[in-house]
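Before any comments, here is the structure.
Please treat every number below as a calculation from the coordinates, not as lab data. Just so you know, these numbers come straight off a predicted model, no measurement behind them. Here Cβ is always computed from backbone atoms with ideal geometry, including for glycine, and neighbour counts include all displayed protein chains.
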Amino acid sequence: MVQPTKGKGRVKTAAKKPKQPNFVMNEDMTLCSAWLNVSLDPIASNGQRRDSFWNRIAMKYNAEKDDVYSTRTVRSLQGHWKDIKEQVSKFEGYYLKVHRENRSGHVDADKTTEAMTLYNSVEAKPFIFLHCWKLLREQPKWTDLQDKASQADTQADTEANDGDSVSHGQGSASVAGTKRPMGRDSSKAAKKASSSQSVGQSSDEFAGLLSSLHVEKLALIREHTIDVRHQLQELIQIDKEKLALKSELVTLKRTQEDERILGIDLNTVTPMQRVMLAKLQHQVLARWSASEGGSASPCR
């Protein structure tokens, strides 16, 4: 009889870590706040390594989050921040596009709604990080990040265009067959010269674009400030009107009570009530005379 070999045929199953729940709005805001605070820290901004930078963000996030939410790892926070950054950057582009159209009668809320509709239409999905955009949009550190991203995109487009133009030029020379193909060194030199010229032109264009975006952002901030000021003025006016109405209501109630007191016939009440009511009537007449600049007539 053959005995089964011990230890064979057993498959070890690695224990799976429980999946963390999806981020909610409060966690999004805490992550954005942690990123801004660590980014503004001079220690973090002076050449600090990426790993150390995100370790500090994770520590700050987990320290400031509400106790009802899970503790997040560096990897989890980095991945979620990437999603927030990409989608908020795209929405910022749609918002600026709507703002450039400068439709009359549109307030900031209308432009935001229109930008969300445009985002949903083009991206084929809803924009779920509006709360993050409102927090980040006017922060200088976020603006710097957006400017760097725009610069990187412009440089990438420039390099791609330069590569295409050089390739087309070489193809034409080969078809014509009238020139000897350039050697390796000559080809590099030609590419470098062409690239330098294109980059110089693109730098000027990019500088103009940055200046235009800066002006647009200042205009948006100024418009937002004006809207807030108008809203505050409206609230102040509403409060004034409420106080005036309350004052009128108090005056009306007091006048009605005074008229009721003066309308009481002292001959119909008891002697004790007559003394008290006579005094009250005298006070009412004195108050009315004082408000009209006259003198009170004594009650009898």
Original post:
Can you list the residues of region 57-84 with backbone N under 12 Å from a point 7 Å past the Cα of Lys19, pointing along Cα to Cβ?
Top reply: none
Original post:
Once label points are set 7 Å from the Cα along Cα→Cβ at both Glu101 and Ile128, what is their separation, rounded to one decimal in nm?
Top reply: 2.7 nm
Original post:
In region 25-140, what is the volume of the convex hull around the alpha carbon atoms, normalised per residue and reported in Å³?
Top reply: 121 Å³
**OP:** Filter the cross-link list Lys90/Lys148; Lys60/Lys111; Lys65/Lys148; Lys65/Lys125; Lys19/Lys125; Lys97/Lys134 down to pairs whose alpha-carbon distance in this structure exceeds 22 Å.
**Re:** Lys60/Lys111; Lys65/Lys148; Lys65/Lys125; Lys19/Lys125
Original post:
Ranked from highest to lowest mean number of other Cβ atoms within 10 Å per residue, what is the order of the peptides 274-282, 30-38?
Top reply: 30-38, 274-282
